[in-house]
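Q: After the structure tokens below, expect a handful of questions from me.
Read-outs throughout are calculated quantities, based only on the coordinates presented, and are distinct from any laboratory measurement. Computed from a prediction, not measured in an experiment: that's the story for all the values here. Cβ placement follows ideal geometry from the backbone for every residue including glycine, while neighbour counts extend to all protein chains displayed.
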Amino acid sequence: MTVTTPHDLVIAPRNVRFGKHEGRSRLWMGGNAFATAWHNALSVVFPAGETFFIEVMRPFRNAAPQPLSEQIAAFVRQEAFHTREHNVFNDRLKAEGYDLSETEAWMEATLAKARARHPVVQLSVTTALEHFTAIFAHLTLKHPEIYAGTSDEARGLWMWHAIEEIEHKGVAYDTFMHVTRTMWAGNRWLMRNLVFLQVTWAFLTRRWGETLRLLEQDDIVGLRARFGLFAYLWLYPGILRRVSLSWAAYLAPSFHPWQRDDRNLIADAQRRYGLTPENGWSR
Ligand SMILES: [Fe+2]
Ligand SMILES: [Fe+2]
């Protein structure tokens, strides 16, 4: 049976601000330097990456059928709010003395190259990276213990982002499938997977290097930095180990992001963290 995006899916952009940083310490992931540096490295690339997704998706909106066209509009709004909030988060990192200029410059150069490619290739880059955010979002909501020891506000930011990434996880994929509907299925599969493997390689090597550079700025260097980061990512809690099966699901010709309907995690997280409209979560 072909899986599609659920008909009753609600993609609700929540205009929330997390600028106060009450009680946030430098090692805000419960004092764990490796966890903190990994999340900081992710946050540093989010604003430019999400701005790129918005630019890529917007032009496809008018030609998209309903409800996809409406979903693209909601996707754009959610990513715009994420960009704003991660910019605030990253400003805080700069205020704490972290030098992020090298990573930011690399992102700009990489995205300039991506913007020169065919719009459908740019769309498949977006589709691939949205799979990454969806599988990390699933892990975040399913295993909130990974965020134990963080301040309420820091946890709120990452949970909020994860909730919305799950809600809109099928939008780029459905747009890609719509735009390439006349392509031969084999070519379409090959195209999205060649891009996916390229994106995976870049993601793993770049985030690894960027996290090490952040650790270096906290005087954690050499083997200690490499072993510590390796253990965090692949052993315990094993952030990358735990998403590897979900990562591989993308490779299947029949893949669809909603093969796994994980909206129950959204309802749980909203309840557990009081992230409801009554608590200032406007829609
Ligand atoms: Fe996002
Ligand atoms: Fe996203």
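Q: From (1) of a type outside the set (Gly, Ala, Ser); (2) crowded, with 19+ Cβ neighbours inside 10 Å; (3) within 17 Å of Met159 (Cα to Cα); (4) more than 14 Å from ligand 1 (Cβ to nearest atom), pick out the condition that doesn't hold for Glu79.
A: (4)
Q: Working only within the stretch 140-174, note down all residues that are surrounded by fewer than 20 Cβ atoms within 10 Å (Cβ to Cβ), under 24 Å from His7 (Cα atoms) and either of a type in the set (Gly, Ala, Ser) or within 13 Å of the chain's Cα centre (by Cα) (or both).
A: If the condition is that a residue be surrounded by fewer than 20 Cβ atoms within 10 Å (Cβ to Cβ), under 24 Å from His7 (Cα atoms) and either of a type in the set (Gly, Ala, Ser) or within 13 Å of the chain's Cα centre (by Cα) (or both), then no residue fits.
Q: Sort through Met57, Met29 and tell me the only one that's of a type outside the set (Ser, Thr, Tyr) and either farther than 15 Å from Glu130 by Cβ or outside any helix (DSSP H, G or I) (or both). Spell out the reasoning first.
A: Details: Met57 fails: either farther than 15 Å from Glu130 by Cβ or outside any helix (DSSP H, G or I) (or both).
Answer to the check: Met29.
Q: Val125: β-branched (Val, Ile, Thr), over 23 Å from Pro6 (Cα atoms) and within 16 Å of ligand 2 (Cβ to nearest atom), yes or no?
A: Numbers: β-branched (Val, Ile, Thr): yes; over 23 Å from Pro6 (Cα atoms): yes; within 16 Å of ligand 2 (Cβ to nearest atom): yes.
Judged against the criteria, Val125 is a match.
Q: Let me ask something else. Regarding Phe203, is this residue more than 30 Å from His118 (Cβ to Cβ) and surrounded by 12 or more Cβ atoms within 10 Å (Cβ to Cβ)? If you could, list the steps in order and put the result at the bottom.
A: Working: more than 30 Å from His118 (Cβ to Cβ): no; surrounded by 12 or more Cβ atoms within 10 Å (Cβ to Cβ): yes.
No: the conditions fail for Phe203.
Q: Restricting to the stretch 208-257, and then to whatever is crowded, with 18+ Cβ neighbours inside 10 Å and of a type in the set (Phe, Trp, Tyr), can you tell me which residue is farthest from His7 (Cα to Cα)?
A: Looking at residues that are crowded, with 18+ Cβ neighbours inside 10 Å and of a type in the set (Phe, Trp, Tyr), I get Tyr232.
Q: Condition first: in contact with an Asp or Glu (Cβ under 9 Å, 6 or more places away or on another chain) and more than 29 Å from Asn15 (Cβ to Cβ). Now tell me which residues in the stretch 84-115 satisfy that.
A: Glu102, Trp106, listed by residue number.
Q: Pairs only if they're at least six apart or on different chains, beta carbon under 7 angstrom, first in the stretch 37-64 and in contact (Cβ under 8 Å) with a residue 12 or more places away in the chain, second of a type in the set (Phe, Trp, Tyr); list them, first residue then second.
A: Qualifying pairs under 7 Å: Trp38/Tyr232; Ser43/Phe89; Met57/Phe75.
Q: Please specify each residue of the stretch 194-210 satisfying the condition of being hydroxyl-bearing (Ser, Thr, Tyr) and under 16 Å from the mean Cα position of the chain (by Cα).
A: Let us first name the residues in the stretch 194-210 that are hydroxyl-bearing (Ser, Thr, Tyr), namely 200, 205.
Across the stretch 194-210, the qualifying residue is only Thr200.
Q: Would a scan of the stretch 239-256 turn up a residue that is under 20 Å from Glu210 (Cβ atoms) and of a type in the set (Phe, Trp, Tyr)?
A: Looking for residues that are under 20 Å from Glu210 (Cβ atoms) and of a type in the set (Phe, Trp, Tyr), one finds at least one in the stretch 239-256, hence yes.
Q: Right, here's the next one. With the requirement that a residue be within 18 Å of Pro119 (Cβ to Cβ) and within 11 Å of ligand 2 (Cβ to nearest atom), what does the stretch 53-90 give you?
A: Listed by number, the residues that qualify are Phe53, Ile54, Met57, Phe75, Val76, Glu79.
Q: Can you tell me which residue is farthest from Ile239 (Cα to Cα) among those in the stretch 128-156 that are within 14 Å of ligand 1 (Cβ to nearest atom) and β-branched (Val, Ile, Thr)?
A: The selected residue is Thr133.
Q: Please enumerate the residues belonging to the stretch 205-229 that are outside any helix (DSSP H, G or I) and in contact with a helix residue (DSSP H, G or I) (Cβ under 8 Å, 6 or more places away or on another chain). Please lay out each step first, then the result.
A: Let us first name the residues in the stretch 205-229 that are outside any helix (DSSP H, G or I), namely 217-221.
Passing the criteria: Asp218, Ile220, Val221.
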